[in-house]
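Report on one structure; see the data block that follows.
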Amino acid sequence: MGLLYPGALAFFALIPVLVLAYLAKERPSRVTVSSVMAFRALRGFRRERFGGWPRLDWMFFAEVLILSLVVLALAGPFIWKRTAPLAIVIDNSATMQALTPSGKSRFDVAREKLDAELSAENSGGEYRNRQCIP
Amino acid sequence: MFGLPDEFTPGFLARLEKLRVRTRQRYAGMGRGMHLSPKRGSSLEFNDYRHYSPGDDFRHIDWGLYGRSDKLYIKLFQEEEDLLTYIFVDASASMGFPPADRKFEHAILTALALAYVALASGDRVMLRVLGGQGAQIDPSFVNGRHRIVELARRLQNLKPAGQFDFATTLATELLAIRRAGKVFIVSDFLMLLNSVTRGLGMFTAASMDLTAVQVLGGREINGQGLDGDVEVVDSESGERLRVSIGERERKQYRDTMIRLTRQLKSFCLKRGLHYSLYTTDQDFQQFFVRATRDLGLAH
């Protein structure tokens, strides 16, 4: 596997920026209330919460995932295909046009055998038929 | 209307005039009125008999009883006097928060409506302000329904500010007022229950008939306007708490507020006091009609 534009990975530096943006957003707003009596019961929740400060909710993780995918897409990843090329040459000279007892030319018989062999192999590979007309 | 807040429409005033302050015991007043007094006097309400003594008014001799018993008895009647009504308005800083609820304005409306009920039924009213700034409250009784405008004007420039110890302040007030009667305390009662119970307990110990009117903001009791991570600052003590408020926390906050109001209500009912809760999202006039009994008023 390789990357067409590895320099695009520099955009991963945006993730800490996103975290900082969340930290700034999570700074508590100050509100004056008549009495804090009823709020005392709520204090436990912060300590119980996994991850503590700041509150990184599902939205944060979704944004990190989307940003990572975009950066990867910009980097242009590709996969190397390790295949063994095989060249098959069929004689296309005039002698190959001689008819066999079945009534087909030698060339056609050779091509049919070749097709049958390649189909039987079922390798999933591709092949190109290049003809060279004398 | 005539210097009164807009809520005091002619229709509402007429409704208030049909009410009167109810007490669970008899109090001596300062003049003729509509409440039975512990004193004996000349009303139509029969009270007791006593033996005739030279110098008694002949008109009070029960001649029917003389015919049956051959002894002279004097009929004694109950005196009817006015009721001394004390109205305390909490003007501490907490009454100003949250500003959107206009808690203090509603507390003043409640105090004025109670004062008008008392004045309209011929009682004397003393309005007292606990804390606050900008008030020029004369610590004397007023009587006559026209004096309601004067009371409204005195409260006009009052702003909620400062803090006070509820029990200590009420103890000082109790020493100052001396004569027993009906007491209304209009406050948010957002303070330590111990301080509240001590304060109210002193008034009941002094034979006062007490009504606690708790005024809370509609947004305040539901925790509206608070979301996410919030640093809440106590308006009076300046204490700070950092809390995270979501749906679950808001519900817990609301439950706590309701529990606090129930604790106060429970204390009041156990001690034979009247208790009424008014939240500012209610219609003020409707509240007064619905909560007549809870406020210690009667038709």
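Out of B:120, B:152, B:91, B:115, one residue alone is modelled with pLDDT of 85 or more and within 14 Å of chain A (Cβ to nearest Cβ). It is B:91.
Out of all the residues in segment B:132-150, which are of a type outside the set (Val, Ile, Thr) and buried (at least 22 other Cβ atoms within 10 Å of the Cβ)? Of everything in segment B:132-150, just one residue is of a type outside the set (Val, Ile, Thr) and buried (at least 22 other Cβ atoms within 10 Å of the Cβ), namely B:132. Within the set B:199, B:223, the sole residue that is of a type outside the set (S, T, N, Q), within 19 Å of residue B:174 (Cα to Cα), free of Cβ contacts under 8 Å to residues at least 60 places away in the same chain and buried (at least 21 other Cβ atoms within 10 Å of the Cβ) turns out to be B:199. Regarding residue B:267, is this residue within 19 Å of residue B:182 (Cα to Cα), out of contact with any Leu (no Cβ under 6 Å at 6 or more places or on another chain) and more than 13 Å from chain A (Cβ to nearest Cβ)? Taking the combined requirement at face value, the residue satisfies it. When B:209, B:165, B:234 are checked against the criterion of being surrounded by fewer than 21 Cβ atoms within 10 Å (Cβ to Cβ) and acidic (Asp, Glu), B:165 stands alone in meeting it. Any residue at all in segment B:173-182 that's surrounded by 22 or more Cβ atoms within 10 Å (Cβ to Cβ) and within 14 Å of chain A (Cβ to nearest Cβ)? The answer is no, given that none of the residues of segment B:173-182 is surrounded by 22 or more Cβ atoms within 10 Å (Cβ to Cβ) and within 14 Å of chain A (Cβ to nearest Cβ).
The values are calculated or read from the model by the stated rules, or taken from the named source; none is laboratory data. Computed from a predicted structure; not experimentally measured. Cβ coordinates were reconstructed from backbone atoms using ideal geometry, including for glycine residues, and neighbour counts include every protein chain displayed.
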